[in-house]
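A.B. asks: Before anything else, here's the structure in question.
The values are calculated or read from the model by the stated rules, or taken from the named source; none is laboratory data. The model shown is predicted, which means the values in this text are computed figures rather than measured ones. Using ideal geometry, Cβ is built from the backbone for each residue, glycine included, and neighbour counts are taken over all protein chains shown.
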Amino acid sequence: MSGFDVAGWGMWVPDRVVTSAQLAERFGVDEHWIVSRCGIRERRAVSAGETTASMAVEAGRRALGRAGLSGSDVAHLIVATATPEQPSPATSAFVHEALGIAGSAHDVNAECAGFVYALVTAAGLMRMDPRPVLVVGSDTHTLTANPRDRDLSILVGDGAGAVVLVPGPVDRVRAWNLGADGSCKDSLKVLAGGSRMPVTEETVRAGLHYAQINGNEIYLNAVRYTVRTIRETLEQAKVRPQEVDHVVPHQANIRIINSVLNHTGIPAERLVANLDRYGNTASGSVPIALAEALDAGRIKDGDTVLLAGFGAGMTWGSMLLTWGGAV
């Protein structure tokens with residue numbers, strides 16, 4: 001076995017819906033302004049008892065069920081998240097226990113590019129150890145957004161998605177590209193809660209445990225780096241933009257997505273998008289959109305599928321696959 005098949009996929013989003021109309025009333029703006037600014041009409045938000053790990057467990061359980069596997073069959077679990085269950089241990093420990101995973105477990109934090117980072121990592125692991133890998137992306141960014149921060153609150157939603165990779169005879173990875181630029185680390189940040197600034201009464205009163213965003217900087221860098229990573233991946237694979245059957249980008253903002261399509265030349269009809277219903281679910285956005293496209297029968301075996309994401313840090317990544325294993 002020199003490659004892998006995608007044997008299963010699954011997604012999970014909370015039941016609680018937060019509409020753009022509700023947020024427009026909260027912030028004293030017009031609903032049309034929110035929708036035109038980001039393309040999001042509603043998003044999901046966790047309720048009491050729902051967490052990053054609980055969503056990851058549900059998405060992982062569905063992916064394993066579709067693959068006809070159980071946790072005891074999984075050699076490696078990778079959870080991509082930037083909103084961990086708690087500072088320690090890793091979120092993957094909670095998912096590992098709940099799903100009865102037999103093998104190893106670790107987290108990946110590349111913010112909203114996390115799932116692409118995790119999938120590249122999983123593909124590398126399978127080259128050394130061709131046994132099933134469960135890859136999950138899950139985030140609860142509604143909990144890190146300051147309720148008074150209009151710019152971030154209109155964007156974020158909660159959700160999780162997962163895929164199961166199993167050994168296969170075909171190398172599905174046509175090309176991949178990962179990158180980072182640490183000089184952009186202040187464009188989206190949570191100052192308090194780590195070793196640089198432990199949480200205190202003072203940091204809580206100052207709201208430093210909430211995320212802070214520089215929207216203009218994020219927009220410009222998101223377009224620049226996503227276009228760069230897509231171009232490099234397509235060039236590496238010797239694939240023209242018109243030959244991509246489906247592009248599944250990080251679901252951050254429709255203006256960013258449309259700008260990326262315009263700059264790369266990928267036809268708009270190849271786009272897989274659902275941010276109008278879920279908002280920016282960070283590490284969960286790519287696998288959620290992928291799972292919905294697969295459930296709808298849109299992606300077929302043999303199709304060329306491009307996954308791409310960007311995140312705070314900045315981080316970015318893309319992966320071109322020849323799809324296989326869909327059942």
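A.B. asks: List the number of the failed condition for H106; all other conditions in (1) crowded, with 20+ Cβ neighbours inside 10 Å; (2) within 18 Å of the chain's Cα centre (by Cα); (3) outside any helix (DSSP H, G or I) hold.
C.D. replies: Among (1) crowded, with 20+ Cβ neighbours inside 10 Å; (2) within 18 Å of the chain's Cα centre (by Cα); (3) outside any helix (DSSP H, G or I), the lone unmet condition for H106 is (1).
A.B. asks: Of all residues in the range 190-218 being in a helix (DSSP H, G or I) and among the polar types (S, T, N, Q), which is nearest to L321 (Cα to Cα)?
C.D. replies: Here the answer is N216.
A.B. asks: Next question, about the same structure. For the range 173-189, which residues satisfy the criterion of being modelled with pLDDT under 95, surrounded by 17 or more Cβ atoms within 10 Å (Cβ to Cβ) and either part of a strand (DSSP E or B) or not assigned by TED's automatic domain parsing to the domain that holds N280 (or both)?
C.D. replies: L188
A.B. asks: Within the range 242-258, is there a residue that is assigned by TED's automatic domain parsing to the domain that holds L191, of a type in the set (G, A, S) and more than 25 Å from I78 (Cβ to Cβ)?
C.D. replies: no
A.B. asks: What tally of residues in the range 294-322 results from selecting those that are surrounded by fewer than 19 Cβ atoms within 10 Å (Cβ to Cβ) and farther than 16 Å from Q236 by Cβ?
C.D. replies: 8
A.B. asks: Among all residue pairs at least 6 apart or on different chains, which show Cβ distances below 8 Å where the first residue, located in the range 207-224, is over 21 Å from N146 (Cβ atoms) and the second is modelled with pLDDT of 95 or more and hydroxyl-bearing (S, T, Y)?
C.D. replies: V223/S259
A.B. asks: Helices (runs of 4 or more DSSP H) wholly in the range 219-310 with at least 1 residues that are touching a Pro at 6+ places or on another chain (Cβ under 8 Å) and among the aliphatic types (A, V, I, L, M) - which ones?
C.D. replies: Those helices (runs of 4 or more DSSP H) span 254-264, 285-295.
A.B. asks: What about L275, is it surrounded by 24 or more Cβ atoms within 10 Å (Cβ to Cβ), on the phi < 0 side of the Ramachandran plot and out of contact with any Leu (no Cβ under 6 Å at 6 or more places or on another chain)?
C.D. replies: yes
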